[in-house]
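**Q** If you scroll down you'll find the structure; I have some questions about it.
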Amino acid sequence: MPGFRLANPDRAKIDVKYFCSYCELLLREAMQTSCGHFYCQSCLENLLSYRDPLSVMLICLVDQKQLPKNEVFPDNFMRREVFALVVSCTFMEDGCKWKGEVRHLEDHTNGCEFLKIPCVHPECGILVKKADLPEHLENECMYRLVECGFCHSRIVFIKMTHHQQSDCPTYPVICDKCNKEGIPRGKLADHQNPIVGDCEGVQGPCPFSQVGCSKTEILNQREKREHLKQENIHHSILILRFALGINKDLEAIVRRDPRAMSRSPQMFTNYDSVVQDLLVKMQNNSETTRTLQEKLREHSERITSLERKVATVNISGAVAAASAPRSSDADVSLPNMDITRRITNLENKTADHEVLLVESNRTIVETSREVGMVKRQTESVQESTRRIDRRIESIEHTLALRNVTLADLEEYVRQQEFSSYDGQLLWKITEFARRRNEAVSGQQISFYSPCFFTGRYGYKMCARIYLNGDGMGRGTHVSVFFVIMRGQYDALLRWPFRQKVTFMLMDQDNVEHVIDAFRPDPSSSSFQRPRRETNIASGCPMFCALTELNNHAYVRDDTMFLKIIVDTSDL
């Protein structure tokens with residue numbers, strides 16, 4: 001990878017000899033030519049003759065001298081000097097006070113609180129300091145998720161006003177029919193429903209007209225309430241008949257297709273609600289019956305009282321007749337006739353109440369019997385459905401196990417199809433635009449290549465690519481990393497891994513490939529024998545600038561080719 005980036009004040013005070021003659025950054029893994037000039041190790045590949053891409057001669061950019069590769073060698077003294085330089089953080093102009101040796105610069109930069117990173121919401125696009133990101137996401141970002149104060153849904157902040165004015169189901173609105181305020185938007189349609197709504201500005205038929213009520217003419221709310229009060233028992237019977245019809249339909253469906261209930265479990269839920277409504281109606285009818293019985297008792301007491309009064313009057317009349325025989329019989333009979341008429345009227349009313357009471361009791365008994373039968377049939381159907389569901393679950397479990405086995409076989413075949421055993425992998429990356437967008441949005445910032453091997457029993461490896469960069473290259477470069485994987489023959493291999501690794505982004509016009517290479521650091525944990533499925537990736541975070549992708553045919557037909565070469569000459 002190129003050299004170390006420095007803050008401008010540090011760059012001005014450090015001697016020019018410590019800077020790479022190619023990338024003009026502070027030397028990284030310094031290499032010295034025989035003509036006395038210094039380059040970063042990763043920059044040497046760029047010194048190959050441009051006229052002959054296959055040439056093995058390097059051209060020094062300072063004096064244009066041609067050099068064979070064996071006349072360029074590592075300068076360990078220069079490397080120690082570079083690592084010992086004391087520099088400031090590259091974000092010192094933003095307020096970072098850190099100072100330290102160059103050897104610690106990258107470790108500090110990766111965790112610096114002044115490192116500016118993009119907001120996690122792609123639509124926002126603002127770069128904020130790493131330390132300020134939580135505050136930005138919680139209080140400042142226009143695309144953060146906030147809770148609606150009415151429906152408690154999580155809504156993007158910038159869309160909250162539109163949500164409450166157009167979409168929120170619990171936002172209070174005014175009925176345009178009756179001007180009633182504070183109605184949740186989601187319940188406005190129920191409020192204005194001409195059948196079951198309570199809006200005073202909407203007229204409609206009896207709610208039970210859909211199940212057989214003969215009252216089909218349009219009623220206002222007052223007329224509807226009176227009708228419902230008068231026809232309470234009749235409506236209960238209509239509901240029960242409707243429920244029994246549903247039960248027959250359900251039985252026919254279950255007999256025709258036993259799995260229909262498992263596919264549509266809400267059918268039983270709706271049916272149970274109908275039964276519950278019937279029970280409520282029955283309770284209301286019981287209350288009405290108790291009220292009628294109380295009135296009947298009161299009337300009986302009044303009749304008994306009147307009979308006593310009649311007896312008393314008759315006795316008084318007899319005494320009066322005996323003491324005053326001259327009185328007129330018509331004068332005595334008048335009170336008796338009035339009392340008799342009143343008793344007759346009361347008896348007629350009592351008889352009417354008794355008829356109504358008997359009819360109500362008979363209806364309640366029939367309703368209870370039919371509801372009980374419906375509940376028993378429902379329980380039987382539910383038990384059959386549960387047995388069918390258990391059998392289906394068993395079959396689905398077996399199918400799932402077979403699908404897992406099939407997926408493992410497909411993965412093995414796929415790996416065998418793409419694997420190579422010569423230390424080279426030509427990785428074809430398709431759907432570049434979609435993968436690039438996913439990396440920018442943070443949905444999937446990286447992905448792995450198929451695995452490949454240095455030999456049939458050699459090292460197992462793969463590559464990992466970040467199409468929007470990682471670390472120092474985030475947002476500006478494509479980053480490529482090399483990954484050592486745990487293999488079946490690791491116990492027989494030499495560790496740590498020491499083979500040279502070369503990355504090559506292929507120009508599909510074969511004009512100018514992007515090439516970078518590195519030798520593993522034996523002390524790094526990335527190149528020790530793997531103890532897990534994969535080691536930590538290591539490679540080139542600034543492999544290729546994103547702006548370079550459009551300069552050559554690195555991406556064509558939405559496809560990119562990346563070649564990874566591992567030197568196997570000394571294995």
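**Q** Net charge near F543: determine it from the other residues with C-beta under 13 Å of the C-beta of F543, scoring Lys and Arg +1 and Asp and Glu -1.
**A** So the surrounding residues net to -1.
**Q** If the cut-off is 23 Å between C-alpha atoms, which lysines fall inside it for K17, apart from same-chain ones fewer than 8 positions away?
**A** K65, K69, K99
**Q** Work out Dmax and Rg for region 428-551 from the C-alpha atoms and quote the Rg first, both in angstrom.
**A** Reported Rg and Dmax, both Å: 15.3, 45.
**Q** Taking the Cα centre of region 39-140 as the origin and placing charges on Cβ (Lys, Arg +1; Asp, Glu -1), which of G100, N70, N46 is farthest toward the positive end of the dipole?
**A** N70
**Q** Over the chain, with the other protein chains present, what is the accessible area per residue in square angstrom, probe 1.4 angstrom?
**A** 61 Å²
**Q** Evaluate region 356-478: find the radius of gyration of its Cα atoms, find its Kirkwood radius, and give the ratio Rg to Rh.
**A** Reported Rg/Rh (Cα atoms, Kirkwood Rh): 1.49.
**Q** Something else about it: According to the Cα gyration tensor, what semi-axes, each the square root of 5 times an eigenvalue, does the equivalent ellipsoid of region 61-217 have, listed from largest to smallest in whole Å?
**A** Gyration-tensor ellipsoid for region 61-217: 73, 19, 12 Å.
**Q** Would you please give the FRET efficiency between K65 and A517, computed as 1/(1 + (r/R0)^6) with r the Cβ-Cβ distance and R0 = 30 Å, to the nearest 0.05?
**A** Result of the calculation: an efficiency of 0.85.
**Q** What are the trypsin sites (Lys or Arg not before Pro) within region 452-490 that DSSP puts in a loop, where the Cβ has at most 12 other Cβ atoms within 10 Å?
**A** Passing both the DSSP loop test and the Cβ count: R456.
**Q** DSSP loop trypsin sites (Lys or Arg not before Pro) in region 1-108 with at most 10 other Cβ atoms within 10 Å of their Cβ, which ones?
**A** R51, K97
**Q** Within the set of other residues whose C-beta is less than 11 Å from the C-beta of T502, count the net charge using Lys and Arg as +1 and Asp and Glu as -1.
**A** Combined, the nearby Lys, Arg, Asp and Glu give 0.
**Q** Ok, one more. If you take the charge dipole of the chain about its Cα centre, with +1 on Lys and Arg Cβ and -1 on Asp and Glu Cβ, which of S153, L406, G111 is farthest toward its positive end?
**A** The one lying farthest along the dipole's positive direction is L406.
**Q** Give the distance, in whole Å, between the Cα centre of region 140-202 and the Cα centre of region 512-571.
**A** 55 Å
**Q** Using the Cα centre as the reference, give the magnitude of the dipole from point charges on the C-beta atoms of the chain (Lys, Arg: +1; Asp, Glu: -1; all else neutral), rounded to the nearest 20 debye.
**A** For this selection, approximately 1040 debye.
**Q** What lysines could a cross-link reach from K180, if we take a straight Cα to Cα line under 27 Å and drop same-chain neighbours fewer than 8 places away?
**A** K224, K229
**Q** Here is a further query. For the chain, what is the mean residue ellipticity at 222 nm derived from helices alone (per DSSP H run of n ≥ 4: -39500 (n - 2.57); sum divided by total residues; nearest 500 deg cm²/dmol)?
**A** Rounded to the nearest 500, the figure is -13500 deg cm²/dmol.
**Q** If one puts a single equal scatterer on every Cα of region 65-111 and applies the Debye formula without solvent, what log₁₀ I(q)/I(0) results at q = 0.29, 0.32 Å⁻¹?
**A** Log10 I(q)/I(0), no solvent term: -1.03, -1.12.
**Q** Can you give the net charge of the other residues whose Cβ lies under 13 Å from the Cβ of P134, counting K and R as +1 and D and E as -1?
**A** Around P134, the charge tally is -2.
**Q** List the aspartates and glutamates whose Cα lies under 12 Å from the Cα of K460, skipping any in the same chain that are fewer than 8 positions away.
**A** The reachable aspartates and glutamates, counting only those whose Cα sits under 12 Å from K460, are D422, D490, E533.
**Q** Using a 1.4 Å probe on the protein heavy atoms, what percent of the accessible area of the chain belongs to carbon and sulfur?
**A** C and S atoms contribute 51 percent here.
**Q** Moving to a separate point now. If you compute Cα Rg over 2.2 N^0.38 Å for the structure shown, which of [x] 1.88; [y] 1.02; [z] 1.29 do you land on?
**A** From the options [x] 1.88; [y] 1.02; [z] 1.29, the structure gives [x].
**Q** Also, quick follow-up: Out of the chymotrypsin sites (Phe, Trp or Tyr not before Pro) in region 8-106, which ones are loop residues according to DSSP with at most 13 other C-beta atoms within 10 Å?
**A** Here the sparse-neighbourhood loop sites are Y50.
The values are calculated or read from the model by the stated rules, or taken from the named source; none is laboratory data. As the structure is a computational prediction, the values presented were derived from the model and not from experiment. Ideal geometry is used to build each Cβ from the backbone, glycine not excepted, and the neighbour counts take in all protein chains shown. These accessible areas exclude ligands, DNA and RNA; they are computed on the full protein's heavy atoms, side chains included. Shrake-Rupley method; radii C 1.70, N 1.55, O 1.52, S 1.80 Å.
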